[in-house]
Structures are given as structure tokens and as C-alpha cells.
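Structure first, commentary second.
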Amino acid sequence: MEEGNKTDDKSIEQDEDTLEGLTDQLPGKTGGKIKGRRNTAPATSVAATAGHETIRTHLQKKRASINQNIGHEVELKKGAKRLIRVSSDLKSRETALLEAHYSDSKIQLLQQELAGVNNSLQAYQDESARNVQIPLIPVLMKTSSKNNFIKPFTDFINNHYYEDAGKFQEALYEFSELRLTMCNPVKDQSGIDSMYEYYSHLYICGKRFFGSVEGSQVLFVWYDAVDGIPAAQKSVAFEKSSVLFNIAAMHTQCAARQSRSCMENIEEIILRFRKAAGMFEYVRDNFHKSPTTDMKGKTLDFFIVLMKAQSELLTWEKEVVKGLKKRRGFCISLLIAYQCYKFVIPRS
């Protein structure tokens with residue numbers, strides 16, 4: 001990371017107008033305006049499995065569907081509020097106000113449903129030991145709509161660099177496909193690697209395509225991992241911070257799913273939780289004014305403490321696996337348990 005980009009990355013601000021037409025960009029939609037409440041966005045497959053659908057895949061599909069429905073209601077609510085501001089007819093204003101209240105209630109119900117899905121910890125645990133070990137708490141990933149960089153980047157290359165954009169079509173296509181892979185990663189280290197690969201490309205492209213007004217024509221849409229509310233910005237800093245958040249979240253999910261039956265696995269889990277805590281700290285310190293709740297300072301502080309607490313818990317588990325054969329080992333385990341207690345129970 002170059003220090004010179006730190007100031008730009010901190011300038012994330014919510015732009016209400018950039019959410020205009022957001023529903024057309026939702027995953028699984030082919031375009032067109034929503035004409036009524038019956039046209040609720042369909043569920044989109046977030047992760048595919050070969051042969052059968054796992055519990056976690058089912059939850060991910062349900063979560064994606066809820067996120068789309070929340071985005072649908074957000075757009076209806078925004079449209080109703082605009083109508084209230086511009087309409088001079090009293091009946092139209094009352095109808096729009098009623099519509100806004102209805103959308104607000106629907107959003108709250110959908111968020112409650114989303115919270116129920118997010119609380120399904122067992123789906124992220126090691127299947128062979130779900131009933132015999134303390135479940136670990138992963139952080140759920142943000143979801144995003146599909147982006148196509150080819151058209152805006154082609155125009156920018158032609159108009160800004162005065163080059164024949166046809167020579168770069170293959171590279172632009174590969175970059176768009178790389179983002180699509182990043183948004184639907186495999187739930188293992190290869191998925192983390194794909195997100196890192198996209199982030200490195202994004203970091204380079206940010207200097208060439210997002211440094212001017214003409215280049216900032218790509219709209220990045222991300223759904224909050226906590227409440228499902230969509231946010232849209234043309235800021236590449238928002239995209240970068242969201243990718244880093246997802247890398248950290250993927251580390252926590254891989255850690256929660258890992259078997260804790262041997263020393264090597266426990267050490268790997270501890271390392272993943274510490275990596276996640278470090279990445280959450282980096283996002284908190286370098287990307288300010290986030291438009292989504294999941295990347296606010298206080299939320300990230302909670303995630304950081306949670307990851308550190310779980311790494312301390314696993315340090316104690318590692319001592320148990322090694323065997324407490326001596327009294328000295330027992331005293332060490334008590335000391336580690338006390339450190340876990342201090343992390344989990346705040347001082348009054």
C-alpha cells in the first residue's frame with residue numbers, strides 16, 4: 001500500500017443519488033424497472049455444490065434472496081420519499097407516505113429474517129464435531145451485484161488515452177470475470193487467493209481508471225453483512241475496503257469449519273483468526289466514513305475483539321490437546337483461561 005492513497009481511501013461518503021436504479025443491478029436481474037411489489041427479486045445462487053446442496057449453501061442462497069428483497073424495498077421507500085417532496089397533491093402525498101411506512105416495516109421484517117439466518121452458527125462448523133466442541137463464530141461476507149467493466153473502461157481508453165480499446169478487450173473481459181469469481185468465491189484458501197488477486201488488480205487499475213472524473217463511471221454496489229441494506233458508490237476505496245472485509249470474513253469462516261482434533265489444525269485456526277483481526281484493524285484505520293454498518297468503527301472494533309478472544313480460547317484448547325500431564329501445564333491452562341475470560345467478559 002502506498003501512503004499517498006491513504007487520504008483518498010478515507011474519503012468514503014454515501015451519495016444518495018448513486019442508488020438510483022440500483023434494483024436493475026441486483027444479482028440475477030436482467031434489467032427493467034420494478035412495476036409492483038409482486039415483482040420481488042428472485043433468489044440467486046451464491047454458491048454451487050457438485051451433486052447436492054449443503055446447509056451452508058442453502059443459507060447463503062436464502063441470505064442472497066433476502067438481501068435482494070431488502071434492496072427492492074429500499075428503492076420503493078426512496079421513490080416514495082421523493083414523491084412526497086415534489087408532489088403538491090395532498091392525496092398523492094398521503095399515498096406516498098403510506099407506501100414509505102409500508103416499505104420501512106417490510107425492511108424491518110426482512111432484517112429480522114436475515115438476523116435469523118446469520119445466527120445459524122452450526123452450518124459453519126466442522127461437520128464431524130458439531131456436537132462435541134464449542135462452536136466458533138465466523139463473520140459473514142458482504143455480497144455484491146454483478147459489475148461489467150468493459151463498456152466504461154473501453155470508453156475511457158478511447159477518450160482519455162486515445163488508444164484503440166479493441167486491443168485490450170480480452171484483458172477487460174478477464175478483469176470482469178475476476179470480479180465475478182471474487183464475489184462468489186470457493187469457501188477455502190483458493191477463494192481467499194482469488195480475492196487477493198482481484199484486489200491486486202484493482203489497486204493497479206485504480207491509478208489508471210479511477211483517478212479522474214471521466215474514469216469514475218463504474219458503480220460499486222455492496223450489501224451490508226449485518227443488516228442487508230445496499231450501498232452504492234463510484235469510489236474505488238469503497239470497493240477495496242469491501243474486498244478486504246470479505247477476505248477477513250473468509251478467514252473466519254475457514255477457521256470455524258476447520259477440525260480441531262489435532263495441534264496443527266488448531267494452530268492454523270489461531271493464525272486465521274489473528275489474520276482476520278489484523279485485516280479488520282486495517283479497514284478500520286484506513287477506510288473511514290463507510291456507508292454500511294458492517295464497516296463502521298464500532299462494528300469493526302467488536303469483530304476485532306471477537307477474533308482475538310477466539311484465538312485466546314483456541315490457545316487454551318491447544319494446551320488441552322497437548323495434554324495436561326504436569327501441574328505446571330495445569331497452571332498454564334488456568335492462566336490462559338483467565339486471559340480468555342478477560343477478553344470475553346468486559347470489566348465493569
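May I ask you to order 138-145, 80-87, 269-276 by the average number of other C-beta atoms within 10 Å around their residues, highest value first? Don't skip to the end; give the middle numbers.
Numbers: 138-145: 23.5, 80-87: 14.2, 269-276: 21.5.
Those peptides, ordered most packed to least, come out 138-145, 269-276, 80-87.
If the chain between ASN148 and GLU170 were fully stretched, how many nm would it gain, using 0.36 nm times the residue separation less the Cα-Cα distance? List each step's numbers first, then the result.
Details: separation 22, 0.36 × 22 = 7.92 nm, distance 1.31 nm.
Stretched out fully, the ASN148 to GLU170 stretch lengthens by 6.6 nm.
Across segment 152-167, in residue order, what do the Karplus-derived ³J(HN,Hα) couplings come to in whole Hz, using 6.51 cos²θ - 1.76 cosθ + 1.60 with θ = phi - 60° and x for Gly and Pro?
Listing the rounded values in order: x, 6, 4, 4, 5, 5, 5, 8, 9, 9, 6, 10, 6, 5, x, 6 Hz.
Please state the equivalent ellipsoid semi-axes for segment 216-292: what are the square roots of 5 times the Cα gyration tensor eigenvalues, largest first, in whole Å?
Working: eigenvalues 179, 32, 17 Å².
Here the semi-axes work out to 30, 13, 9 Å.
Find out how many positive minus negative residues lie around ILE192, taking Lys and Arg as positive, Asp and Glu as negative, among other residues whose Cβ is under 14 Å from that of ILE192. List each step's numbers first, then the result.
Numbers: positive: LYS187, ARG257, ARG272, LYS275; negative: ASP188, ASP193, GLU197, GLU268.
Neighbour charge sum, excluding ILE192 itself: 0.
Points 7 angstrom from Cα along the Cβ direction at ASP301 and ARG85: gap in nanometres?
Between ASP301 and ARG85, the label points sit 3.3 nm apart.
Of LYS61/LYS234; LYS240/LYS322; LYS61/LYS296; LYS62/LYS167; LYS78/LYS296, which pairs sit farther than 31 Å apart, going by alpha carbon to alpha carbon?
Among LYS61/LYS234; LYS240/LYS322; LYS61/LYS296; LYS62/LYS167; LYS78/LYS296, the Cα-Cα distance tops 31 Å for LYS240/LYS322; LYS62/LYS167.
So, R0 is 22 Å and r is the distance between the beta-carbons of SER200 and TYR282; what FRET efficiency does that work out to, to 0.05? Could you put the intermediate results ahead of the total?
Values: r = 15 Å, r/R0 = 0.69.
Approximately 0.90, to the nearest 0.05.
When the dipole is taken about the Cα centre of segment 255-296, and only Lys, Arg (+1) and Asp, Glu (-1) are charged at their Cβ, what size is it in debye, to the nearest 20? Numbers along the way, then the final one.
Working: 8 positive and 6 negative charges, 35 e Å.
It comes to approximately 160 debye.
Would you kindly state how much longer the chain becomes between ASN158 and THR95 on full extension, computed as 0.36 nm times their sequence separation minus their alpha carbon distance, in nm to one decimal?
Details: separation 63, 0.36 × 63 = 22.68 nm, distance 4.74 nm.
That pair, ASN158 and THR95, stretches by 17.9 nm at full extension.
Values quoted throughout were computed directly from the atomic coordinates according to the rules given, and no laboratory measurement underlies them. Since this is a predicted model, take the numbers as computed values, not measurements. Reconstructed Cβ throughout: ideal geometry from the backbone, glycine too, with neighbour counts over all protein chains shown.
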